[in-house]
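The values are calculated or read from the model by the stated rules, or taken from the named source; none is laboratory data. Remember, predicted model here, so these are calculated numbers, not experimental data. We place every Cβ from the backbone using ideal geometry, glycine too, and count neighbours over all the protein chains shown.
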Amino acid sequence: MKHWLSDMLPFRRDPLNFMLAVGKRAKGPVERTYLGPTPIWMVTDPELVKSVLKAPEEEIDKGRLVYKLRKVLGISSLSLSGEEHRRRRGVLHSAFARGVANQYVPEMTAIVRRFILQLMQLKSFDAHEMTSRLSLRLVSAVMFGKDVLQEADEEVIVQAVARVEDDLSDEMFRVLPLMPWEQLRRARERKAARAVMGAVVQRVRGRSPEGSVVKSLEALNLSDEDLSDEILTMIVAGHHTTGNASAWLLYHLSVVPGLKDKIAAEAMALQDESGEISAYKLPQASVSLAAVKETLRLYPSAHWFARDAKCDQEIGGQKVSKGDTVLIPTWLYHRSPAYWDRPNEFDLSRDFTSKAFLPFGAGARACTGMGLAILELQLMAIEFSVATEIRVLSQVPAPQPKSAITLLPPPIELQVALAENIPQTRAAA
Ligand code: HEM
């Protein structure tokens, strides 16, 4: 019989390889991992995942690992359940769904273009450091309205998230208590991060115009603190994930032979008389869409997520008890040779309707911002491909990402310059 801590060291040393190793050792679709006193059941077979994620919340629901995020984000639709969750999600879903998000395309395009000009003035830059700012600008334009979030606010949010991510990630599966002084330091960091981000939220709330997502949330009549937490969650969940994916997207645009040219040619073919692509044509831009999806397959920002069993039950032939954790290892599915040929290689021709493709989760708790996130990434892919040359100045292939609360890109030094041959018209493409 295994010891209840026998997986802890391999997990701590290398969480990404640990997920792959559990996938290999699994005898059935669900494998127990030994990461502490509470059993953690990893659903290793993606065929089973959707039924787990679609189970009624009386059986399986968000639980202890997600609740740990409340220390920073407060209580919001990310960790709530039941009627209150549905009420808030309804508002957010109608703001971010792909068709609805289309209205933001002109403003989002303008933001990406201004950002490209800024990057061109830099000798070089770290991909993630810059893309996290761009993603924050994009999600904020949608949440609060045009130009409401200012550069200093942006800096505060990005720095605050970076400051608490490592500590939170360390505490997710920690069984040994921290030394009292370390507990104190972390509590102080969190309090500071929450306070500075809360102050930004209050400032931008006041400046948000009618019609913005913030105003729709205000109509829910939440308490001041609840509303602030909900907005904070959207900003953090919305920019951090997309920022990670964007860094990898730029990396791929620079290292995958011919990728940028294919996306640029497709964009030119879809543009209208004014030289712009109508938002409604973006779903037809299959090359840029595939580039985004393949980036999310290789580097899913949410590389795992979790639920708790709310009653005793059987999952995939295993007896799972009330209170046990159920882990969904997206990283394992996305890198599994059983579902993907040459899983570690970038390939646009993959079938993204596969059950093993799950970057945004599934069911009633699937990502609220999915439509918006895909739109943002697709616009970035197009704008960078058409107007720029991107060079990687650091290691190729890039080193492993870091497993934290999200999947963080390693330092990747990039350089962006004006493309030598910017196509002028459809004919020119
Ligand atoms: C590439 C970008 C993104 C990725 C990969 C991503 C991934 C995910 C995943 C996997 C989940 C489900 C977690 C679970 O089931 O426990 C989720 C939930 C969520 N995401 Fe995203 N996300 C992204 C962008 C965004 C954006 C742009 C927003 C908002 C503006 C957002 C807001 C949320 C919220 C609020 C939830 C909780 C939904 C609920 O529980 O009802 N995400 N995300």
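Test Leu282 against the criterion of being part of a strand (DSSP E or B) and at negative phi, and give yes or no.
Spelling it out, it is not the case that Leu282 is part of a strand (DSSP E or B) and at negative phi.
Please indicate, with yes or no, whether at least one residue in the range 218-234 is over 21 Å from Lys71 (Cβ atoms) and either touching a residue at least 40 places away in the same chain (Cβ under 8 Å) or among the β-branched types (Val, Ile, Thr) (or both).
Yes, there is a match, as at least one residue in the range 218-234 is over 21 Å from Lys71 (Cβ atoms) and either touching a residue at least 40 places away in the same chain (Cβ under 8 Å) or among the β-branched types (Val, Ile, Thr) (or both).
So the check is Cβ under 7 Å with 6+ separation or different chains; which pairs have a first residue in the range 50-71 that's among the aromatic types (Phe, Trp, Tyr) and a second one that's in a loop (DSSP other than H, G, I, E, B)?
Qualifying pairs under 7 Å: Tyr67/Ser79.
What do you reckon, is Ala290 within 16 Å of the ligand (Cβ to nearest atom) and farther than 28 Å from Thr388 by Cα?
Answer is no for this residue.
Surrounded by fewer than 21 Cβ atoms within 10 Å (Cβ to Cβ) and under 19 Å from Ser77 (Cβ atoms): which single residue out of Leu217, Leu184, Leu178, Leu227 fits that description?
Just a single option satisfies the conditions, and that option is Leu227.
Could you go through the range 22-31 and let me know if any residue there is outside any helix (DSSP H, G or I) and under 18 Å from Val175 (Cα atoms).
Checked against the condition, which is being outside any helix (DSSP H, G or I) and under 18 Å from Val175 (Cα atoms), the range 22-31 yields no hits at all.
Do the conditions hold for Asp308, that is, is it of a type in the set (D, E, K, R), more than 18 Å from Glu376 (Cα to Cα) and at pLDDT below 95?
So Asp308 does not fit the description; no.
Considering the range 248-276 alone, what residues qualify as being outside any helix (DSSP H, G or I) and either modelled with pLDDT of 95 or more or buried (at least 24 other Cβ atoms within 10 Å of the Cβ) (or both)?
Within the range 248-276, Val256, Pro257, Gly258 qualify.
Taking only pairs six or more apart or across chains, which ones have beta-carbon atoms under 6 Å, a first residue in the range 104-130 that is closer than 15 Å to Ala373 by Cα, and a second residue that is surrounded by 13 or more Cβ atoms within 10 Å (Cβ to Cβ) and of a type in the set (Asp, Glu)?
Val112/Glu383
Can you confirm whether Arg203 is modelled with pLDDT under 90 and closer than 27 Å to Ile116 by Cβ?
no
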